[in-house]
1. Pull up the range A:320-343, narrow it to residues that are under 26 Å from the mean Cα position of the chain (by Cα) and not in a helix (DSSP H, G or I), then point me to the one that is nearest to A:Glu278 (Cα to Cα).
2. Quick one: which residue in A:His129, A:His90, A:His79, A:His193 is under 29 Å from the mean Cα position of the chain (by Cα) and away from ligand 1 (no atom under 16 Å from the Cβ)?
3. Could you figure out which of (1) open to solvent by less than 30 Å² (accessible area, probe 1.4 Å); (2) in a loop (DSSP other than H, G, I, E, B); (3) away from ligand 1 (no atom under 12 Å from the Cβ) isn't true of A:Met1?
4. In the range A:195-203, is there at least one residue being open to solvent by 10 Å² or more (accessible area, probe 1.4 Å), farther than 26 Å from A:Asp2 by Cα and within 16 Å of ligand 2 (Cβ to nearest atom)?
5. Restricting to the range A:139-154, name every residue that is touching a helix residue (DSSP H, G or I) at 6+ places or on another chain (Cβ under 9 Å) and away from every other protein chain (no Cβ under 13 Å).
6. Within the range A:217-228, does at least one residue satisfy the condition of being within 16 Å of ligand 2 (Cβ to nearest atom), under 21 Å from A:Val273 (Cα atoms) and surrounded by 21 or more Cβ atoms within 10 Å (Cβ to Cβ)?
7. Being in the same structural domain as A:Leu78 (by TED's automatic domain parsing) and modelled with pLDDT of 95 or more is true for just one of A:Ile145, A:Ile186, A:Ile206. Which residue is that?
8. Return the residue satisfying two criteria in turn: it lies in the range A:14-35 and is near ligand 1 (Cβ under 10 Å from one of its atoms) and open to solvent by less than 50 Å² (accessible area, probe 1.4 Å), and of such residues it is nearest to A:Asp203 (Cα to Cα).
Amino acid sequence: MDTILELQNISKSFDGKPIIKELNLEIYKNEFITLLGPSGCGKSTLLRIIGGFETPDTGRVLFDGKDITNLSPDKRRLHTVFQKYSLFPHYDVADNIAFGLKLKKKDKAYIEDKVQYALRLVNMEGFEHRKPNSLSGGQQQRVAIARAIVNEPEVLLLDEPLGALDLKLRQEMQRELMKIKKEVGITFIYVTHDQSEALTMSDRIIVMNQGIIQQMGDPKSIYDEPQNAFVADFIGESNIIDGIMLRDYLVQIQGVDIPCVDIGFKPNEKVDVVIRPEDLSIVEPGRGFTIGRVMEVIYQGAYYDIRVACGDFEWAIQSNNPAMPGSMVGLSILPENIQIMHKPRSSDEQIIEKN
Amino acid sequence: MNRRNRELLASPYFIWSIGFTVIPLIVILRYAFTTAGGTFTLENILAIGNAINRKAFLFSLEIALICTLLCVLLAYPLVMVVRRLHISRRAFMLFFLILPMWMNFILRLLAWQMILSSNGILNFILQAIGLKPLDIANTWAAIIIGVVYDYFPFMMLPIFNAIADIEEDVIEAAKDLGAGPLTVFTKVIFPLSIPGLKSGITIVFVPSMTSFVVADILGGGKLQLIGNIIEQEFTRSSNWNLGSGLSVALMVFVFISMAFTIKDDVVREEPELARVEGSDKPDRRERAA
Ligand SMILES: Nc1ncnc2c1ncn2[C@@H]1O[C@H](COP(=O)(O)OP(=O)(O)OP(=O)(O)O)[C@@H](O)[C@H]1O
Ligand SMILES: [Mg+2]
């Protein structure tokens, strides 16, 4: 695949506090790549470095192989859709969308065509003479997307563009964004802290924490094979419990030996064991690897969210069948659904290891 | 609190404005349209057209226009600089600019008189650095300096408020779409500052057109603004009818020019606002009722 953007060794501090730490990333042509991470982990900062609104302290940004690190935003062939829409309040919808084209001195007929095309693309035909403040949030965001896309950028940067919308509208807009992406066929760099949004939309997900890339890969690999406890915890709900890797294919949790499929750990190494709630099944007491008391059963629509206490650990289970609160049950797991991870030696272990 | 009680809170203002605006206005109108003997006439109003009065009127208009224009030209660059300052420095800058307004108006003008007079501070400095002294005192230029100095904060503050309200994101969006610094200013910042500019113009143009104290002190009484003439009719000539007539003529002119400035807002923006509030925020009206 062709690389369109390359971040080399990017670092950025604000007031002496490091926000992005020696980050390297290659972004390919036409991919939908998502930067995912908790609030404050530096996603927007990274996007702003790509957009030209911040200059990195170290490192380079390459666009099509050319260094654009110090180029101002107006000279970059990429456009940003901001979280707060940021439409020009004094222009109507059509003038907002035409803003970039007018600056490029395109002729009138061309601009008109393009504006109409963009309005159709975002499902906003007939709104050309409305002022932004008379539109709903979702409509404003559509206009903001149209305003960026008419300029035919090679890369579109989107910083939590759906963050201010309610759940239903957000899901609708997610589908539309994917449709738009397919139609215009350009690179999308998408920022979100919503993991389900990332999993739904992306070709590739970059999970970030504390200015470091924790893991990258396609949504399925991120979800199924988290590489460390942070990713496992951040992507979907997980049971993360202390374990001891006795030898290859055998892990001990709460004093019980359980077969697994992982190899390559030191004998008796202390590890984090990660098990997804939907991979656990409730069985008769004595049949599974452990026994516990059902503490809570919550109906979630598609499944039951069940909590089972075993000693000082509370397991989260997603099950299609309810369980009786207060009853004793067994839990079973298939060996291939157990994820074993190295234990961090300190809280920012991931950071040390990456470097 | 219901509507009635809230209206009651405004009553001191109503009493004030009836006592000090409406009644004096009626009195002035009565004087303006009558002769000393009390018969109806338009002569007092039309007197604005005679040679001396017309000259003073046009001179006032010129001073007011130049003053307003200079204030605008000075305000924008300053506002753009202050906007970029860190919040804490910004407050200090604004404080610094407003500080002179806390000093008495007349005292400020007297200070300028001393600075500008032929053997004043300005010429002292000019001579000290080997330049020719300037003869500014009692000229047109001195009056301009005085009015600009007096009214500048009233131009700058509303413009500053309008520009400070612009979201940083909106400006970044313009840059992102290819706008350089100048285009950002002409296409985004300036248009969005227009409401502030309009109130600035309203607050600066009218008083600088009608003032007479500045011309008295800095113009040395030689240059007559229309305000000076009106003042003299009341104080020295004691011709209240003529004084009132000229005031009314001036007032009509000011009203017309202001209607021109504010017209756009009334026509263009109000229906827009009404529609938004009517559709998206029905609850606000309910709460008010
Ligand atoms: N201009 C700035 N000056 C000082 N600190 C800043 C600046 N911009 C960002 N920061 C800090 O950098 C950190 C990362 O900010 P950033 O906006 O990149 O986070 P984010 O991952 O986008 O978070 P969110 O999901 O909340 O938007 C935050 O702690 C923030 O306070
Ligand atoms: Mg952010």
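The values are calculated or read from the model by the stated rules, or taken from the named source; none is laboratory data. Model, not experiment: these values are computed from the prediction. Here the Cβ is made from the backbone with ideal geometry for all residues, glycine too, and neighbour counts use every protein chain on show. To get the accessible areas, we keep the full protein, side chains included, count just its heavy atoms, and leave off ligands, DNA and RNA. Shrake-Rupley method; radii C 1.70, N 1.55, O 1.52, S 1.80 Å.
1. Among those residues, the one meeting the criterion is A:Ile338.
2. A:His79
3. (1)
4. yes
5. A:Arg142 - this is the single residue of the range A:139-154 that is touching a helix residue (DSSP H, G or I) at 6+ places or on another chain (Cβ under 9 Å) and away from every other protein chain (no Cβ under 13 Å).
6. Our first condition is that a residue be within 16 Å of ligand 2 (Cβ to nearest atom); within the range A:217-228, this holds for none.
No, the range A:217-228 has no match at all.
7. A:Ile206
8. It comes out as A:Leu35.
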